[in-house]
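K.L.:
Please find one structure pasted underneath; my questions will follow.
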Amino acid sequence: MNRKFFFVITAFLLMLLPLMAVKHPKNVIFLIGDGMGLAQTHAGMVKSKKPLALESLKHIGLVRTYSANNFTTDSGAGGTALATGVKTKNGMIGMNPDSVAVESILHQSEKNNLATGIVSACAVTHATPASFVAHQINRNMYEAIAADFLKTDIDVFIGGGKQHFVNRTSDDRNLVSELKSKNYKVVDSMSELKQLNGGKVAGLLYEEHPPAMPERGNFLPEATNVAIQLLSKNRKGFFLMVEGSQIDWAGHANDAERIANEVIDFDKAVQEALDFAKEDGNTLVVITADHETGGMTLPGGNIQNHEYKAMFSTKGHSGVLVPVYAFGPGAEEFTGFMENTIFKGKFAELLRLK
Ligand code: MG
Ligand code: ZN
């Protein structure tokens, strides 16, 4: 082959390389169904009169959830592993087992000028959302966790837990006033939230937790939609975490009906994320759980009648694998077996964060 021809061909192939490499999303939406194992997912599927949004996803994997000191994780260590890539001791938030603060994917996204947000169907100070924002040795330090929100530049957070920002016993700070002086719009109703069209937003809609389904209505999917609309105004992209918090609580109560209701509600938030991602074409959506709750099984039922019989082996969490589902650029990275520590690194790599 003549040398000139060889160089032209080589140069051409080198130009093609970036097109063949992994596609990089601009945005990541990470949805966590707290306590949502396969039995919980299936209960939702059986009860629902139409297919779940989750059922449309093609990239599926399995996640090991054990913590640094326990076969069975709690939501503090589980959330911390998902948010920071570090397995820690049960009960800890955003810290490694030696009580040293570790950076979450939300903080790293913020440092790289992405817009960041959290939506949770519980107090924003509760273990799962807290793991993305706070650094505390104990998940029950709600007031300290609320104060940690002020140490970040998170753009949007929506959930409950207002009392930990205003009616504080550990100090007399009023964190709502402090948020306002940091240019946050602090709102306490969905109608106000829906009217906002930009800027930093703290949606503290409940003193503590939103009610369970069906009393909660469409809070979670609507808050997810609002967060996506606000965050997607940032041209550099965004990272959003959405938690279906109360699947876990229904699991602790061994209440199969409530579990299905909470899974179906969480799936509506998944649908909001997928609707945006399909339209946008540049958004990775990843859905997983921090652990399974209840040791739930479904030994019988009737698919046509949307009925199932549930049994539970514990009032606590179990150590079994949980599913992960993904859609969008990079979705193929979330298939096969994996540890719960892989998410932060994969997101950072796919978003090309420094
Ligand atoms: Mg949780
Ligand atoms: Zn739990």
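The values are calculated or read from the model by the stated rules, or taken from the named source; none is laboratory data. Quantities reported herein were computed from a predicted structural model and do not represent experimental measurements. Glycine also receives a Cβ, built like all others from the backbone with ideal geometry; neighbour counts cover every protein chain displayed. Note: areas computed on protein heavy atoms with side chains; ligands, DNA, RNA excluded. Shrake-Rupley method; radii C 1.70, N 1.55, O 1.52, S 1.80 Å.
K.L.:
Would you confirm whether or not the stretch 295-316 contains a residue that is assigned to a helix (DSSP H, G or I) and either among the aromatic types (Phe, Trp, Tyr) or farther than 12 Å from Gly35 by Cα (or both)? Give the steps one after another, and end with the answer.
P.N.:
Taking the stretch 295-316 first, the residues assigned to a helix (DSSP H, G or I) are none.
Looking for residues that are assigned to a helix (DSSP H, G or I) and either among the aromatic types (Phe, Trp, Tyr) or farther than 12 Å from Gly35 by Cα (or both), one finds none in the stretch 295-316, hence no.
K.L.:
Residue by residue through the stretch 54-72, note down the ones that are among the small types (Gly, Ala, Ser), open to solvent by 10 Å² or more (accessible area, probe 1.4 Å) and closer than 23 Å to Val285 by Cβ.
P.N.:
Within the stretch 54-72, Ser56 is the sole residue that qualifies.
K.L.:
Right, something else. Among the listed residues Thr128, Thr169, which satisfies the condition of being surrounded by fewer than 21 Cβ atoms within 10 Å (Cβ to Cβ) and of a type in the set (S, T, N, Q)? Working first, answer last.
P.N.:
On the way: Thr128 fails: surrounded by fewer than 21 Cβ atoms within 10 Å (Cβ to Cβ).
Going through Thr128, Thr169 in turn, the sole match is Thr169.
K.L.:
Considering only residues that are of a type in the set (Gly, Ala, Ser) and under 15 Å from Val270 (Cβ atoms), look in the stretch 225-252 and name the one that is farthest from ligand 2 (Cβ to nearest atom). Reasoning before the result, please.
P.N.:
Residues of the stretch 225-252 that are of a type in the set (Gly, Ala, Ser), as a first pass: 227, 232, 237, 244-245, 250-251.
Next cut, under 15 Å from Val270 (Cβ atoms) only: 227, 244-245.
Working: Ala227: 24, Gly244: 12, Ser245: 9 Å.
Result: Ala227.
K.L.:
Hey, among the residues in the stretch 41-92 that are among the polar types (S, T, N, Q) and under 26 Å from Lys278 (Cα atoms), which one's nearest to ligand 2 (Cβ to nearest atom)? Step through it out loud before you land on a result.
P.N.:
Keep residues of the stretch 41-92 that are among the polar types (S, T, N, Q), which gives 41, 48, 56, 65, 67, 69-70, 72-73, 75, 80, 84, 88, 90.
Those left that are additionally under 26 Å from Lys278 (Cα atoms): 41, 48, 56.
Numbers: Thr41: 17, Ser48: 23, Ser56: 28 Å.
Here the residue is Thr41.
K.L.:
Within the stretch 96-108, can one find any residue that is under 27 Å from Ile228 (Cβ atoms), hydrophobic (A, V, I, L, M, F, W, C), crowded, with 24+ Cβ neighbours inside 10 Å and more than 16 Å from ligand 1 (Cβ to nearest atom)?
P.N.:
yes
K.L.:
Of these, Glu215, Glu262, Glu222, which one is more than 16 Å from ligand 2 (Cβ to nearest atom), outside any strand (DSSP E or B) and under 25 Å from Glu307 (Cβ atoms)? Even if it seems obvious, please write down each step before you answer.
P.N.:
Details: Glu262 fails: more than 16 Å from ligand 2 (Cβ to nearest atom); Glu222 fails: under 25 Å from Glu307 (Cβ atoms).
Exactly one residue qualifies, and that residue is Glu215.
K.L.:
So Glu272 passes all but one of these: (1) within 16 Å of ligand 1 (Cβ to nearest atom); (2) of a type in the set (D, E, K, R); (3) assigned to a helix (DSSP H, G or I). Which condition number does it fail?
P.N.:
Of (1) within 16 Å of ligand 1 (Cβ to nearest atom); (2) of a type in the set (D, E, K, R); (3) assigned to a helix (DSSP H, G or I), only one is false for Glu272: (1).
K.L.:
If you don't mind, there's one more thing I want to ask. For residues that are charged (D, E, K, R) and without any contact (Cβ under 8 Å) to a residue 60 or more places away in the chain, scanning just the stretch 275-310, find the one that is nearest to ligand 1 (Cβ to nearest atom).
P.N.:
Going through the qualifying residues, I end up with Asp275.
K.L.:
Here's another thing I want to ask about it. For a quick check of your reading: which helices (runs of 4 or more DSSP H) sit entirely within the stretch 43-142 and have at least 3 residues that are within 25 Å of Asn261 (Cβ to Cβ)? I'd like the intermediate steps shown before the answer.
P.N.:
On the way: elements: 75-84, 105-111, 127-133.
The qualifying helices (runs of 4 or more DSSP H) are 75-84, 127-133.
K.L.:
Inside the stretch 133-166, can you point out the residues that are open to solvent by 50 Å² or more (accessible area, probe 1.4 Å) and within 20 Å of Leu193 (Cα to Cα)?
P.N.:
Asp153, Gln163
K.L.:
With the structure loaded, tell me whether Thr41 is within 17 Å of His317 (Cα to Cα) and within 16 Å of ligand 1 (Cβ to nearest atom) or whether it fails that test.
P.N.:
Working: within 17 Å of His317 (Cα to Cα): yes; within 16 Å of ligand 1 (Cβ to nearest atom): no.
Here the answer is no, as Thr41 does not meet what is asked.
K.L.:
Now a separate question. From (1) acidic (Asp, Glu); (2) under 22 Å from Ala43 (Cβ atoms); (3) out of contact with any helix residue (DSSP H, G or I) (no Cβ under 8 Å at 6 or more places or on another chain), pick out the condition that doesn't hold for Asp280.
P.N.:
(2)
K.L.:
Of (1) closer than 29 Å to Thr72 by Cα; (2) more than 16 Å from ligand 2 (Cβ to nearest atom); (3) out of contact with any strand residue (DSSP E or B) (no Cβ under 6 Å at 6 or more places or on another chain), Gln304 satisfies all except one. Which?
P.N.:
Of (1) closer than 29 Å to Thr72 by Cα; (2) more than 16 Å from ligand 2 (Cβ to nearest atom); (3) out of contact with any strand residue (DSSP E or B) (no Cβ under 6 Å at 6 or more places or on another chain), only one is false for Gln304: (1).
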